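Everything on this sheet refers to the single structure shown next.
The values are calculated or read from the model by the stated rules, or taken from the named source; none is laboratory data. None of these values were measured; they are calculated from a predicted model. Methodologically, a virtual Cβ is constructed for each residue, glycine included, from the backbone with ideal geometry; neighbour enumeration extends over all protein chains shown.
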Amino acid sequence: MKRVKLAFDRYIKKDSKGKRSGKPRFKGRNRYRTLTFPQAKNDWLEGNKIKLPKLGLIKYICHRSIPEGFKIKTASVTRKTDGYYLTLIVEDKSVPEFESDVLPTENNSIAIDLGLEKLYVDSLGNQVLPQKYLRKSEGKLAKLQRKLADDHRSKKAKKLIRRAIARLHLKIARARKQWHFEEAKKLCQKADVICIENLKIANLRRKNKVKKVDGRYIENGQCRKSGLNKSFSDCAIAQFVDILHHQSKKLGIKMIKTNPRNTSQTCPVCLNKVSKTLSDRWHECPICKASMDRDYASALLIKKVALGIVSL
């Protein structure tokens, strides 16, 4: 009930930034997969069991023990396709919040340019290609979806097929997340300061506006955009940025976010504006004759903007 009230409050009222959420839609009970206990305590844990209100003692496999001095604030039980997971939120007010006071310089800084063709290209010239876990599993997913669409199968068989589809999607998401953690850790080991664009991924995935001329709908490019949105979901740039922010804060690395405006349309050497389309993957400046990969040029420019050398 609290979640429903919160959804309607966000729809009727505005948040602190003056934005309003969309109208809440009906959701079945099966969509609520998490049960939260907001008043959890340390004495709920008894060895490898936890005592939950109304449920009693429940055995669980401990991923890692609670550090000494930390207080348990909330406990959440989440149902996933391969079992139930317990999440504990702990707090220790004596632990200070660490903010990196490293001064960014040319030598201790590195900048990255995010994209779909390459997950990122750094200012040192290194590039990381996306693994495309979803694209590689499309054959298996299509086969399972065809089986699910067969009307001759029983309800029990379709239930098993749905479970297999859910498990495959869970496997894809976990593999992608693990890869993001590994790449974020490698990136944090290269420098003390990481410069990155402040991208709004939700705007990049937004649907194209409907075009209407003389009462008739005309092509707006949404069919081509749908494949691009699928690549955005498969690459999960927003998840990688969140993980990179978490890893940098954990390791004491300073992160600087810059405005992404014109970073791909400006030469990093002479700052001349060189217009490009999405299909143009190479940077050629007619003035200073600079020739390099488009993403590498953007990474060099992002670093200069973050260090305050240039301003766009």
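None of Ser100, Ser76, Ser65 is more than 27 Å from Ile172 (Cβ to Cβ), in contact (Cβ under 8 Å) with a residue 24 or more places away in the chain and not assigned by TED's automatic domain parsing to the domain that holds Lys2 except Ser100. Scan the stretch 176-200 residue by residue and report those that are surrounded by 15 or more Cβ atoms within 10 Å (Cβ to Cβ) and either free of Cβ contacts under 8 Å to residues at least 60 places away in the same chain or among the acidic types (Asp, Glu) (or both). Matches in the stretch 176-200: Trp179, Glu183, Asp192, Glu197. Among the residues of the stretch 205-237, those identified as within 21 Å of Lys177 (Cα to Cα) and either part of a helix (DSSP H, G or I) or modelled with pLDDT of 85 or more (or both) are Leu228, Asn229, Lys230, Ser231, Phe232, Ser233, Asp234, Cys235, Ala236, Ile237. Among the candidates Arg261, Arg281, the residue that is under 16 Å from Glu117 (Cα atoms), surrounded by fewer than 20 Cβ atoms within 10 Å (Cβ to Cβ) and basic (Lys, Arg) is uniquely Arg281. Answer yes or no as to whether Cys188 is under 28 Å from Lys254 (Cα atoms), over 16 Å from the mean Cα position of the chain (by Cα) and assigned by TED's automatic domain parsing to the domain that holds Lys143. Spelling it out, Cys188 is indeed under 28 Å from Lys254 (Cα atoms), over 16 Å from the mean Cα position of the chain (by Cα) and assigned by TED's automatic domain parsing to the domain that holds Lys143. Restricted to the stretch 79-169, the set of strands (runs of 3 or more DSSP E) holding at least 1 residues that are closer than 25 Å to Ser231 by Cβ comprises 109-114, 120-122.
Restricting Arg64, Arg3, Arg31, Arg10 to residues that are out of contact with any strand residue (DSSP E or B) (no Cβ under 9 Å at 6 or more places or on another chain) and under 30 Å from Ser94 (Cα atoms) narrows the list to Arg64.
This table checks each residue for (1) hydroxyl-bearing (Ser, Thr, Tyr); (2) exposed (fewer than 12 other Cβ atoms within 10 Å of the Cβ); (3) over 14 Å from Leu86 (Cα atoms).
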| site | (1), (2), (3) |
| --- | --- |
| Lys5 | no, yes, yes |
| Tyr11 | yes, no, yes |
| Phe26 | no, yes, yes |
| Leu35 | no, no, no |
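The number of residues in the stretch 204-256 being acidic (Asp, Glu) and under 16 Å from Ile112 (Cα atoms) comes to 1. Looking across the stretch 83-106 at every residue that is more than 24 Å from the chain's Cα centre (by Cα) and within 15 Å of Met255 (Cα to Cα), the one that is surrounded by the most Cβ atoms within 10 Å (Cβ to Cβ) is identified as Pro104. If only residues of the stretch 63-82 that are under 16 Å from Asp43 (Cβ atoms) and among the hydrophobic types (A, V, I, L, M, F, W, C) are counted, the one that is surrounded by the fewest Cβ atoms within 10 Å (Cβ to Cβ) is Ile66.
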